[in-house]
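Asker: Below you will find the structure I want to go over with you.
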Amino acid sequence: MGAGGSAVSAIATATLLGFRNALYGLQMAPILKVKGLKRILAAQITIDESTAVATLQENDADRRRGFYVTGIGVFVFWNLFTFLGALGASAIGDPAVWGLDAAVPAAFCGLIWPRLKNKTHFIVSAVAIAWALLLTPITPAGIPIITTVLLAVIFGLKK
Amino acid sequence: MSAIWIAVLGASFTAFLNKYIGHSVPEKWLNRPSFMRINALVPIVLLSALVGVQTFANKKDLVIDQRAAGVLVALVALKFKAPFPVVVISAAITSAAIYNWF
């Protein structure tokens, strides 16, 4: 909306961006095995970081612990810093001054790195980056990222 | 209610719905070998795409700026098996240094 869009297009874009969390939910549900209120809480903290940390662990107990610790941590600090940002964004100013613009992708690199266990994984990762960058100038926000799931399907069915 | 609040609350609701639906898909649909292979690749493609966009996209333009240098340093740190905080902080310092001094 900051860029001049309507409320409806803002909701649509956010939904598209968040659709990957549905896929993360698919991955986490069989590990967490939670119902009712607990499932609602687990759903709320399902995000890139919590799923990434969980799926890097060796057994289900560690996966659950990784998911909850990371998810709750992200939830608390995300909202805390959003609140601080809303109070005094001008005090922090441009995130680039602090290198925060590179810290986020660097952190995600750290989460991808242990997953790249063979040549196919490297190729899939490289193709996904190329695909997302190719689509960035020509599609609405969210499309370049979520459509890489098609690449996962293609490479997953191939073998 | 202003448009911005409609957007915030509407997007919050659909964001939660995405997650909850994902958690509620019956497990027996997921126990197919092809699905499990695809599922293992999903975090790789999504996180890779996020890194690409966060590093090189400026709205809809592709640019090479201080972020690329920061991420490059992060990759070198990972190559040398640096711990996670070192990876993130070295990227931030690199990016901030270039941004502030050049």
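The values are calculated or read from the model by the stated rules, or taken from the named source; none is laboratory data. Remember, it's a predicted structure, so these values are computed and weren't measured experimentally. Positions of Cβ are backbone-derived with ideal geometry, glycine not excepted, and every protein chain shown enters the neighbour counts.
Asker: (1) within 23 Å of A:Leu17 (Cβ to Cβ); (2) more than 7 Å from every other protein chain (Cβ to nearest Cβ); (3) over 22 Å from the mean Cα position of the chain (by Cα): which one isn't true of B:Ile4, the others all being true?
Answerer: (2) is the only condition that B:Ile4 fails.
Asker: Scan region B:25-59 for residues that are facing chain A (nearest Cβ under 7 Å) and more than 27 Å from A:Asp101 (Cα to Cα) and jot them down.
Answerer: Listed by number, the residues that qualify are B:Val25, B:Glu27, B:Leu30, B:Ser34, B:Arg37, B:Ile38, B:Asn39.
Asker: OK, next. I'd like the residue in region A:49-69 that is of a type in the set (A, V, I, L, M) and either more than 21 Å from B:Leu47 (Cα to Cα) or surrounded by fewer than 19 Cβ atoms within 10 Å (Cβ to Cβ) (or both) and, out of all such residues, is nearest to the other protein chains (Cβ to nearest Cβ).
Answerer: A:Leu56
Asker: Out of everything in region A:16-48 that is surrounded by fewer than 19 Cβ atoms within 10 Å (Cβ to Cβ), charged (D, E, K, R) and part of a helix (DSSP H, G or I), what residue ends up being farthest from the other protein chains (Cβ to nearest Cβ)?
Answerer: A:Lys38
Asker: Considering (1) more than 7 Å from chain B (Cβ to nearest Cβ); (2) free of Cβ contacts under 8 Å to residues at least 12 places away in the same chain; (3) within 20 Å of A:Val74 (Cβ to Cβ); (4) not aromatic (Phe, Trp, Tyr), say which one A:Pro114 fails and leave the rest.
Answerer: (2)
Asker: Give me the pairs: first residue in region B:76-98 and buried (at least 16 other Cβ atoms within 10 Å of the Cβ), second residue in a helix (DSSP H, G or I) and of a type in the set (S, T, N, Q), beta-carbon distance under 6 Å, and six or more apart or on different chains, which are they?
Answerer: B:Ala77/B:Ser90; B:Ser95/B:Gln66; B:Ile98/B:Gln66
Asker: Go through region B:87-102 residue by residue and tally those that are more than 7 Å from every other protein chain (Cβ to nearest Cβ), farther than 17 Å from A:Asp94 by Cβ and in contact with a helix residue (DSSP H, G or I) (Cβ under 6 Å, 6 or more places away or on another chain).
Answerer: Number satisfying all stated conditions: 1.
Asker: I need every pair where a residue in region A:130-149 that is within 7 Å of another protein chain (Cβ to nearest Cβ) has its Cβ under 7 Å from the Cβ of a residue that is part of a loop (DSSP other than H, G, I, E, B) and surrounded by fewer than 19 Cβ atoms within 10 Å (Cβ to Cβ), sequence separation at least 6 or different chains.
Answerer: Between residues of region A:130-149 that are within 7 Å of another protein chain (Cβ to nearest Cβ) and residues that are part of a loop (DSSP other than H, G, I, E, B) and surrounded by fewer than 19 Cβ atoms within 10 Å (Cβ to Cβ), the close pairs are A:Thr136/B:Lys60; A:Pro137/B:Lys60.
Asker: Would you confirm, using the coordinates I've provided, whether A:Ala86 is touching a Phe, Trp or Tyr at 6+ places or on another chain (Cβ under 7 Å), over 21 Å from B:Ser48 (Cβ atoms) and assigned to a helix (DSSP H, G or I)?
Answerer: no
Asker: Follow-up question, since we're still on this one. At pLDDT 95 or above and within 19 Å of the chain's Cα centre (by Cα): which single residue out of B:Ala82, B:Ala40, B:Ala91, B:Ala97 fits that description?
Answerer: Of the residues listed, the single one that is at pLDDT 95 or above and within 19 Å of the chain's Cα centre (by Cα) is B:Ala91.
Asker: So, in region A:48-98, of the ones that are of a type in the set (Asp, Glu) and in contact (Cβ under 8 Å) with a residue 12 or more places away in the chain, which residue ends up nearest to A:Ile31 (Cα to Cα)?
Answerer: So the residue we want is A:Asp60.
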